[in-house]
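Just so you know, all these numbers are worked out from the coordinates, no wet-lab data involved. This is a predicted model, so every value here is computed, not measured. No Cβ is skipped: glycine too gets one built from the backbone with ideal geometry, and neighbour counts run over all protein chains shown.
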Amino acid sequence: MKIILQCFLFLPVFSFCQLSFDSLRLPNYGANRDFYVCDENTPTLALVTGNNAIWDFSNAQGTGSRKLATMTTPNMGPYGAEYSTYSNKAMVIENFMTSYYHSTQNVNRQSGFVIPNTDLGNIKAKFFLNSWEQMVFPFSHSMLQKDDYSGSISFLLNGNPQNPACYGSGLVSYDGFGELRLPNGDTLKNISRLKIIDTLFTSVQLFGSVKLIREQFEYYNLDSLGAMPLMITAHAFVLSSFPDPLIDVKMILTSRKPLATVGLNNIGRLLDRIEIYPNPSNGNVQISGFTENLNFEIYNALGLLVTKGVAEKNNRWNLEPGVYQLVLKSTSDHISKKIVVQ
């Protein structure tokens with residue numbers, strides 16, 4: 001079901017500066033950009049929309065990491081053999097996400113994506129049955145387009161390959177035009193933002209109904225034909241009957257090097273220090289890396305609490321074979337981790 005809308009209720013204050021997205025102004029073959037990774041706690045400014053928008057990332061801190069983003073042909077991407085029949089472009093964000101498209105002069109469709117190296121292995125979504133029509137060109141300010149898609153999704157569960165059918169609904173909108181303030185102090189004018197959000201549904205043994213939600217914002221200077229975005233914020237997470245997401249990955253990328261880097265006082269949180277092993281286990285689990293008292297809660301695949309207590313260095317939990325969610329809580333922090341009992 002395709003819905004294309006445009007709002008003409010308010011005339012733009014400086015509409016003469018605005019350009020529309022088309023096949024020439026989206027990233028073209030060979031376009032690439034070296035991005036700096038920002039701290040994942042940087043606000044995404046999702047609610048800053050409309051004309052005269054000011055997206056202020058000037059206080060964002062870097063992590064010291066960099067990632068290369070490239071628009072290439074599908075067969076040059078890491079999973080091209082699986083997607084090249086249904087795609088003619090691939091946007092590869094190094095070690096994060098690859099999105100596959102079939103783009104013409106008239107329309108841009110997404111045929112799938114890959115999120116690599118998660119707790120569920122490489123998640124590969126393939127919209128080969130019915131691709132997602134994202135934009136019909138020209139795609140102008142205040143326009144939005146909704147479309148449904150269907151296909152399959154593959155991943156690993158307890159080391160076993162899964163390949164269930166999936167379906168979903170996506171929305172793309174040209175939701176803002178204005179000023180982008182970057183973490184190095186630069187201020188860029190006449191910037192256009194794309195909002196891309198979709199929800200994918202599938203059914204998985206042990207977890208039941210599962211949905212994968214992706215939200216991404218891309219900031220462009222449309223005067224630069226065929227260039228990569230100047231900034232990208234992306235978030236993907238998988239929800240099930242567990243109280244916490246099965247996976248939760250976030251990436252904030254800027255084309256300018258941030259003036260500040262995350263300090264050591266923000267590193268070494270409980271999340272970074274804790275180690276849980278072995279996993280899978282027979283129910284004997286060791287926890288290392290904590291110096292304060294920790295409480296634990298364990299939930300089964302239906303999201304029901306099965307046991308709780310005080311965590312120790314060596315733990316013996318009488319659990320039936322299956323997949324569980326372990327939640328560890330201190331006075332100031334908490335983490336969750338999937339554990340497998342064989």
Cα-based reach from LYS124 at 26 Å (exclusive), listing lysines while leaving out same-chain residues under 8 positions away: LYS2, LYS67, LYS89, LYS146, LYS195, LYS211, LYS250, LYS337, LYS338
What is the P(r) of the chain, as percent of Cα-Cα pairs per 20 Å bin from 0? 28, 54, 18, 0
Gain in length, GLU275 to MET76, computed as 0.36 nm per residue apart minus the alpha-carbon separation, to one decimal in nm? 68.0 nm
LEU225 versus THR44, label points 7 Å from Cα toward the beta carbon: distance in nm? 3.3 nm
Provide, for q = 0.17, 0.25 Å⁻¹, the log10 of I(q)/I(0) from a solvent-free Debye sum over equal Cα point scatterers in region 64-143. -0.69, -1.16
Could you tell me the distance between the Cα centroids of region 41-111 and region 223-260, to the nearest Å? 9 Å
Please identify, among SER330, SER58, SER103, the residue showing maximal mean-square fluctuation in a Gaussian network model of the chain using a 10 angstrom Cα cutoff. SER330
Could you tell me the calculated FRET efficiency between VAL340 and ASN295, based on Cβ-Cβ distance and R0 = 30 angstrom, to the nearest 0.05? 0.90
If the chain between ASP248 and GLU94 were fully stretched, how many nm would it gain, using 0.36 nm times the residue separation less the Cα-Cα distance? 53.7 nm
Under the rule rounded for a/c under 1.5, else prolate if a/b exceeds b/c, else oblate, using alpha carbon gyration tensor axes a ≥ b ≥ c, region 90-200 is classed as oblate
So between ALA260 and SER65, what do we pick up on full extension, going 0.36 nm a residue minus the alpha carbon distance? 68.9 nm
How far apart, in nm, are two points set 7 Å out from the Cα along the Cα-to-Cβ line at THR118 and at VAL306? 2.3 nm
